[in-house]
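Presented below is the structure to which this report refers.
The values are calculated or read from the model by the stated rules, or taken from the named source; none is laboratory data. Just so it is clear, the model here is predicted, and its values are computed rather than measured. Neighbour counts are summed over all protein chains in view; Cβ atoms, including those assigned to glycine, are modelled from backbone coordinates with ideal geometry. All accessible areas refer to the heavy atoms of the entire protein, side chains included, with ligands and DNA or RNA removed. Shrake-Rupley method; radii C 1.70, N 1.55, O 1.52, S 1.80 Å.
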Amino acid sequence: MMPFAGGIDANPNATLLFSIAAAAIYALALELTRLARSAAKTLAVALLAALAVMQGGPLLLVAALALSAAGDAFLSRDGEKAFLGGLASFLVAHVAYIALFLEVGGGIGLLAAEPWRGAVALAMAVFVVLMLAALWRRVGPSLRIPIAVYVAAILAMGISALTTFYAWVIAGAVLFMASDGLLAAERFLLAAISPHRVWMRYAVWVLYYAAQLAITLGFLLS
């Protein structure tokens, strides 16, 4: 059963399936060239942006997904400049998500009115503070401020998602934060020869794509 009307032949459903296929190819087809894997990684979320356009999704959702796809393209390359380019792209994507979630949400007051929301927000804050403290000692001076700004943005994204009434959007925000936490740990905290790098790279991608998919469907199917 497909999520959108028209069955598997309908453009929205076909686009969703192609997006999922691209995500799977990136995760599993390790024998592909770097260029092919980079294209698959970028295409997976770019197709979610296209799906949001087809279904008349919010412009801010489209913008956040498109910026995320640009960030994926940067992060598929090596080097500090590419990393900073990806960081900047995702930073602006998070700003778009924050604006979107606050626009459709019930306001920050929900965090106090419904204790579970406040508890999750507190857990998010503790998580990012601990992560930033660990990273601060391990990254170079040139990366400290950009990473601190990004960490603040993703925390704001997570908390703003908690003001919405879409369970999938909240779940997506939590998955996004988990993915970024694993990515930071894999890049900066693990030893270069750590055996954990392999599974963490898979987990980062699975959590990240699931996050983007959950947020997208949370809006388009609501």
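Things to note:
- Between Ala191 and Ala82, full extension at 0.36 nm per residue minus the direct alpha carbon distance yields a gain of 37.1 nm.
- Solvent exposure of segment 1-106, expressed per residue, is 49 Å² of accessible area, with all protein chains present and a 1.4 angstrom probe.
- Shown here for segment 123-211: chymotrypsin sites (Phe, Trp or Tyr not before Pro) in loop regions (DSSP other than H, G, I, E, B) with at most 13 other Cβ atoms within 10 Å, namely Phe165.
- Theoretical gain in end-to-end length, Val198 to Ala112 [0.36 nm per residue, Cα-Cα removed]: 26.9 nm
- Surface accessible to a 1.4 Å probe, per residue, for the residues of segment 111-205, Å²: 50
- Net charge dipole, the chain: roughly 600 debye, given to the nearest 20, about the Cα centre with Cβ charges of +1 for Lys and Arg and -1 for Asp and Glu.
- Loop-located trypsin sites (Lys or Arg not before Pro) in segment 129-174 whose Cβ has at most 16 other Cβ within 10 Å (DSSP): Arg137, Arg138
- Rounded percent of accessible protein surface that carbon and sulfur make up, segment 15-57, 1.4 Å probe: 73
- Estimated purely from DSSP H runs of n ≥ 4, each contributing -39500 (n - 2.57), the mean residue ellipticity at 222 nm for the chain is -26500 deg cm²/dmol once divided by its residues.
- Within the accessible area of segment 122-222 (1.4 Å probe), percent carbon and sulfur: 77
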